[in-house]
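Asker: Got a structure for you, written out below as structure tokens; questions coming shortly.
Derivation of every value follows stated rules applied to the coordinates shown; laboratory data play no part. Bear in mind the structure is a predicted one, so any value in this text is a computation, not a measurement. Backbone-built Cβ (ideal geometry, glycine too); neighbour counts: all protein chains shown.
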Amino acid sequence: MEPILKTENLTIRFGGHTAVDHVNFTLPPNEFKSVIGPNGAGKTTFFNLISGELKPTEGNVYFKGRLLDGLSPVERTRLGLGRSFQITNVFPNLTVLENVRLAVQSREGVRYNPFRHFSSYKKFTEESMEILATVLLDGKADAIASQISHGEKRKLEIAMLLALDTEVLLLDEPTAGMSLEEVPSILNVIRKIKEGGNKTVLLIEHKMDMILDLSDSIMVLFNGKLLADGTPEEIMQNETVQNAYLGGMPHEQTAHA
């Protein structure tokens, strides 16, 4: 099966420091893969290279077989490779529903017209409500976006990605900054997206119970290198991974669990 996302020798250097070091990985369609590693392993930098926030020193990123070299984050999002913080058309003074509806309209190429009555956007509104139900925000449709909680804003970001019909979701620590009470709700949202069966997810997260519960596979970064890639069971039993997490530098690094 042709991978939906692939990197070849993906590398970036900042001065004398190599933050991501010749990473080769493939992500099959509709798979849920988590990226783990100690602090400073290069996880977010790896995401930034895939999403176009950073330009690699060496190597390439491919989406559905297409080389993404030179494409901006917005252009990559339009192709179907989405990351929540790339969405800039979130209006804090509009309602949750209006924010999602504008994303749906953007995908359809329909510009916002403040003089057009909202009822004329019925088709977009219905789709937006379905998306809000998916992220468990349908009860907040009329709430002003600036007044919802941090956890609800993270759900709204995911809703915006779904509204743009992105095929691959890059989720960088979606539970960061959330209260303990909010975490189960975002976990349910991510599980619903996975169970839908038509999205590919690449997740950075530190909560191992969440990773083990959701992931089809796990890749481990260590000092910018791909240390291991395998099923959750293989990764948990991998002595090289265990050594990395305990702070030791493994003598032999492998790209497969």
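Asker: If you take the beta carbon distance between Glu181 and Glu58 as r and set R0 to 41 Å, what does 1/(1 + (r/R0)^6) give as a FRET efficiency, to the nearest 0.05?
Answerer: My answer for the efficiency is 0.40.
Asker: For the range 90-163, with only Lys/Arg (+1) and Asp/Glu (-1) charged at the beta-carbon, what is the dipole magnitude about the Cα centre, in debye rounded to 20?
Answerer: Around 180 debye, computed over the range 90-163.
Asker: Are there DSSP H segments in the chain that both extend 15 Å or more along their axis (alpha-carbon positions) and score a mean Kyte-Doolittle hydropathy of at least -1.0? List them, or say none.
Answerer: 96-108, 122-134, 150-163, 183-196
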